[in-house]
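Okay, so here's the structure we're looking at.
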Amino acid sequence: MASWSEFAADEPRLADGIRLLMQQYGPGFGYLATVRADGGPRVHPVSPVITDDGLYCFVIDSPKRRDLERDGRYALHSFPPEESDDEAYVAGRARPVTDDATVTRLALAARAAPHADWRLFEFTVDVAMLARREQSVAGPSELASRPAVQVWLDPAAATPQATRPLPARSGRHHRRAA
């Protein structure tokens, strides 16, 4: 699990593109997906805080906070821009930040409500994705063109199981090569 700063050092242009989409309206804005107790997904709007040191989020007492405290897996998706269908996505694990100096510094910088019942979480990065679509004024067929997609996978998270190719499927529509 890489920190945001480790990811950004490895892929600075990709990190900059993701940061721009997450902060396109000023403070961070995106959708946070967490894992409910029953294993299902839960999605909430959040204001992520991206600094040179890390990717953070202040989370008030809510179902999403209980999800993160119980099972730190998360996915964070950017809010769509008005002028394009560009998108950014980051996924990994969230962990509570317990260092008082870090919490205080980020709370002041992000103007977090001082009397709210929030906790600060740092999000590690296992996967990051940026999709950019060319803006076209031609026709609708060009708007459906494939986006330019950049994906980063944490090299430290790769396991032999994860890098093995999937077995060929058999069945009505899938045939194995002889």
Burial order of peptide ranges 35-46, 56-67 (average beta-carbon count within 10 Å, highest first):
56-67, 35-46
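For region 27-84, which whole-number percentage of the solvent-accessible area (1.4 Å probe, protein heavy atoms only) is attributable to carbon and sulfur atoms?
Values: 1500 of 2750 Å².
Summing carbon and sulfur atoms, their accessible area is 55 percent of the total for region 27-84.
Arranged from highest to lowest average of other beta-carbon atoms within 10 Å per residue, in what order do the peptides 13-23, 82-92 appear? Spell out each step's value before the answer.
Working: 13-23: 19.1, 82-92: 17.5.
Result, highest mean Cβ count within 10 Å first: 13-23, 82-92.
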What is the distance in Å between the Cα centres of region 77-126 and region 9-70?
5
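Can you tell me the accessible area per residue over region 1-144, all protein chains present, probe 1.4 angstrom, in square angstrom? It would help to have the intermediate numbers written out before the result.
On the way: 7870 Å² over 144 residues.
Each residue of region 1-144 exposes 55 Å² on average to a 1.4 Å probe.
The values are calculated or read from the model by the stated rules, or taken from the named source; none is laboratory data. From a predicted model like this one, the values you see are computed outputs, not experimental measurements. Cβ sites come from the backbone with ideal geometry, for glycine too, and all protein chains shown count toward neighbours. In case anyone asks, the SASA skips ligands and DNA or RNA and just uses the protein heavy atoms, side chains included. Shrake-Rupley method; radii C 1.70, N 1.55, O 1.52, S 1.80 Å.
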